[in-house]
1. Hey, can you tell me all the residues within the range 123-150 that are closer than 18 Å to F107 by Cβ and in contact (Cβ under 8 Å) with a residue 24 or more places away in the chain?
2. What number of residues within the range 1-56 satisfy the criterion of being open to solvent by less than 90 Å² (accessible area, probe 1.4 Å), part of a loop (DSSP other than H, G, I, E, B) and not hydroxyl-bearing (S, T, Y)?
3. Residues in the range 1-36 that are touching a residue at least 60 places away in the same chain (Cβ under 8 Å) and closer than 24 Å to Y122 by Cα: how many?
4. Consider L4 carefully, then state whether it is touching a helix residue (DSSP H, G or I) at 6+ places or on another chain (Cβ under 8 Å) and over 23 Å from F162 (Cα atoms).
5. Filter the range 57-70 down to the residues that are surrounded by fewer than 19 Cβ atoms within 10 Å (Cβ to Cβ) and among the β-branched types (V, I, T) and list them by number.
6. Could you please give the count of residues in the range 130-154 that are part of a helix (DSSP H, G or I) and open to solvent by 70 Å² or more (accessible area, probe 1.4 Å)?
7. Kindly list, by first and then second residue, each pair from a residue in the range 76-91 that is among the β-branched types (V, I, T) to a residue that is surrounded by 14 or more Cβ atoms within 10 Å (Cβ to Cβ), limited to pairs with Cβ atoms under 7 Å and residues at least 6 apart or on different chains.
8. Answer yes if at least one residue in the range 95-115 is β-branched (V, I, T), touching a residue at least 24 places away in the same chain (Cβ under 8 Å), in a helix (DSSP H, G or I) and out of contact with any Phe, Trp or Tyr (no Cβ under 7 Å at 6 or more places or on another chain), and no otherwise.
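The values are calculated or read from the model by the stated rules, or taken from the named source; none is laboratory data. On a predicted model such as this, the values are computed, not experimentally measured, just so you know. Counting neighbours? That spans all protein chains shown, and the Cβs are built from the backbone with ideal geometry, glycine included. For the accessible areas, the whole protein counts, side chains as well, though only heavy atoms, and no ligand, DNA or RNA atoms are used. Shrake-Rupley method; radii C 1.70, N 1.55, O 1.52, S 1.80 Å.
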Amino acid sequence: MTLLPYKIKQAIETWRNKDYEGVSPTTKRLLEFWFKEEHLLEDGSFFNFWRCQREAIESLIYVYEVCGLKRIYEMAQSFGVSLQIDPTTDLWPKYCFKMATGSGKTFVMAMALVWQYFNKIYETKNDLRYSSHFLLLAPNLIVFDRLKQDFQDNEIFRKFPFIPKEWQADFD
């Protein structure tokens, strides 16, 4: 199954070089904010998202928003990859990112929430494509405690540059 991620990665590089063609104005603003603007933290240090975080969120946005793909079977067909998947059992959207421990998966989750949330409130009218409600699942209590600390009272969104200043009042 390594051919599918490779083909998606190639498509994303082309898409990135075309300045994120085909995304909503909201998504374009977020991508530019996250990856093209400088971010200064409260302690005076500069902050940049890591390459693996960028590649993960770009992959999700590209596959979901630009390509409109929700299932592994659809992705394989769209990217010309043969996979042994029964389309009658591939019923739910599935997205995954292979990221090492300590590579910033929590930040990718936060970016995905912000992307969905602001597209829901700025770009859609009763559309189910985006959501403003989220459920985070943790595989164990250690991860749960970490996620609870980061997301409780929107701590992660106040501490790091996930939301452009002009949109912060609209985030709940």
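1. L136, R146, L147, D150
2. Residues in the range 1-56 being open to solvent by less than 90 Å² (accessible area, probe 1.4 Å), part of a loop (DSSP other than H, G, I, E, B) and not hydroxyl-bearing (S, T, Y): 7 in total.
3. Here the count works out to 8.
4. yes
5. Passing the criteria: only V66.
6. Here the count works out to 9.
7. V81/L4; V81/K7; I85/I72; I85/Y73; I85/A76
8. Yes, that holds for at least one residue.
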